[in-house]
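Below: the structure, in structure tokens.
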Amino acid sequence: MTNVTYSERATNFNNKTARKLFEIIEHKKTNLALALDVSTKQEFLDIADKVGPYICCLKTHIDILIDFDNDLIEQLKKLQIKHNFLIFEDRKFADIGSNTVKNQYSQGIYRIAEWADIIDAHCLPGEGIINGLKEIGLPLNRGLLLLAEMSSKGNLITRNYTNSTIEMALNHKDFVIGFIASGKITLNDNNNNIQNDFIFMTPGVGLSNKEDGLGQQYRTPREVITESKSDIIIVGRGIYGSGKDVITEAKRYRDAGWNAYLERLK
Ligand code: 5IU
């Protein structure tokens, strides 16, 4: 089960965004997602252009940018076509499903639904949040990730909460394409099919640091991909942190992530 290739996994999904993500991973031979939490448009576009060739997915926090404008989105879309990656807005929706999350997703100044292939949500409000987001996202062939676990120290997510999140995902396999988690997780620790039917993306990945002093906890690509059997490593400051050459670091993480995957396939 854990030695299934990314291309084989793609066939388990009807959702077009999920299939596209696996295609990009296999084509570019990278399971690296860049978490680009920088505050200016220029820095954002510059790093996205430099790192674009080495990633399958660009994870944004669009509300961090101090000079956000519509041109940024136009430029980002051009880079997406140039380098072939998906865009994941890590918005972590957490409000009630009705008009609130629907409007947060499609309206406001960011109009996330127009440009983000992937979004994520907490299931704390109940299944309505998925229904609300799905009304907007599914007609656009978008995909949703559910927050099943978090990498930060002392987070309040319990095993029961994770299990309930998985159950909600199973009811919405057309739109929920996967989870943010520390690795491949299973329902009630049973070895069931969710491992192949969902994408697992893991933040809190670093080759040098073990923590950031503010609660973030880092594990290596090998721990995440080979041992915990996740699909995608999400790396931020390990690549663009101060004094780092982003291209050198992006290649280093891409190689570490891909070699960890090849090791798992053996
Ligand atoms: N992120 C986490 N942990 C989580 C979730 C999201 O770190 O559990 I859910 C986000 C926060 C940041 C990125 O955007 O992933 C990690 O960035 P660094 O690699 O710079 O720590």
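General remarks:
- Taken together, Thr162, Thr220 contain a single residue that is farther than 24 Å from Val51 by Cβ, of a type in the set (Ser, Thr, Tyr) and either within 12 Å of the ligand (Cβ to nearest atom) or surrounded by 17 or more Cβ atoms within 10 Å (Cβ to Cβ) (or both), which is Thr162.
- The lone exception for Ile62 - which of (1) more than 20 Å from Ile119 (Cβ to Cβ); (2) buried (at least 18 other Cβ atoms within 10 Å of the Cβ) it fails: (1)
- Pairs are defined by a Cβ separation below 8 Å, a sequence spacing of at least 6 or placement on different chains, a first member in region 138-167 that is aromatic (Phe, Trp, Tyr), and a second member that is in a loop (DSSP other than H, G, I, E, B); the pairs so defined are Tyr161/Cys123.
- Residues of region 187-194 include none that is in contact with a strand residue (DSSP E or B) (Cβ under 6 Å, 6 or more places away or on another chain) and either more than 13 Å from the ligand (Cβ to nearest atom) or of a type in the set (Val, Ile, Thr) (or both).
- Matching residues in region 120-159 - criterion: being over 15 Å from Thr100 (Cβ atoms) and in contact with a Cys (Cβ under 9 Å, 6 or more places away or on another chain): Leu146, Leu147, Ala148
- Residue among Gly215, Gly238 that is under 26 Å from Ile185 (Cα atoms), surrounded by fewer than 18 Cβ atoms within 10 Å (Cβ to Cβ) and in contact with a strand residue (DSSP E or B) (Cβ under 8 Å, 6 or more places away or on another chain): Gly215
- Residues in region 111-124 that are within 16 Å of the ligand (Cβ to nearest atom) and not in a strand (DSSP E or B) were compared, and the one that is nearest to Lys20 (Cα to Cα) is Ala116.
- For region 214-266, a residue qualifies if it is among the small types (Gly, Ala, Ser), more than 11 Å from Leu32 (Cα to Cα) and not in a helix (DSSP H, G or I), and the qualifying residues are Gly215, Ser228, Ser230, Gly241, Ser242, Gly243.
- For Leu21, the test of being of a type outside the set (Phe, Trp, Tyr), within 20 Å of Ser230 (Cα to Cα), assigned to a helix (DSSP H, G or I) and within 14 Å of the chain's Cα centre (by Cα) is passed.
- Selection from region 68-96 of residues that are assigned to a loop (DSSP other than H, G, I, E, B) and either among the small types (Gly, Ala, Ser) or surrounded by 19 or more Cβ atoms within 10 Å (Cβ to Cβ) (or both): Phe85, Ala94
- Taken over region 33-48, the criterion of being within 15 Å of the ligand (Cβ to nearest atom) and either polar (S, T, N, Q) or buried (at least 16 other Cβ atoms within 10 Å of the Cβ) (or both) is satisfied by Ala33, Leu34, Ala35, Leu36, Val38, Ser39, Phe44, Ile47, Ala48.
- Taking the criterion of being over 20 Å from Glu89 (Cβ atoms) and either of a type in the set (Val, Ile, Thr) or modelled with pLDDT of 90 or more (or both), the residues of region 179-196 that qualify are Ser182, Gly183, Lys184, Ile185, Thr186, Ile194.
- Lys173 being closer than 20 Å to Ser7 by Cα, more than 13 Å from the ligand (Cβ to nearest atom), within 16 Å of the chain's Cα centre (by Cα) and part of a loop (DSSP other than H, G, I, E, B): no
- Cross-chain or 6+ apart pairs with Cβ under 7 Å, region 21-48 first and within 21 Å of Asn141 (Cβ to Cβ), then of a type in the set (Lys, Arg) and crowded, with 17+ Cβ neighbours inside 10 Å: Phe22/Arg9; Ala33/Lys59
- Screening Ile180 on (1) surrounded by fewer than 17 Cβ atoms within 10 Å (Cβ to Cβ); (2) under 13 Å from Cys123 (Cβ atoms); (3) within 12 Å of the ligand (Cβ to nearest atom) shows it passes everything except condition (1).
- Leading residue by the ranking (nearest to the ligand (Cβ to nearest atom)) among those in region 49-67 that are touching a strand residue (DSSP E or B) at 6+ places or on another chain (Cβ under 8 Å) and assigned to a loop (DSSP other than H, G, I, E, B): His61
The values are calculated or read from the model by the stated rules, or taken from the named source; none is laboratory data. Just so you know, these numbers come straight off a predicted model, no measurement behind them. Don't worry about glycine lacking a Cβ; one is built from the backbone with ideal geometry, like all the others, and counts go over all protein chains shown.
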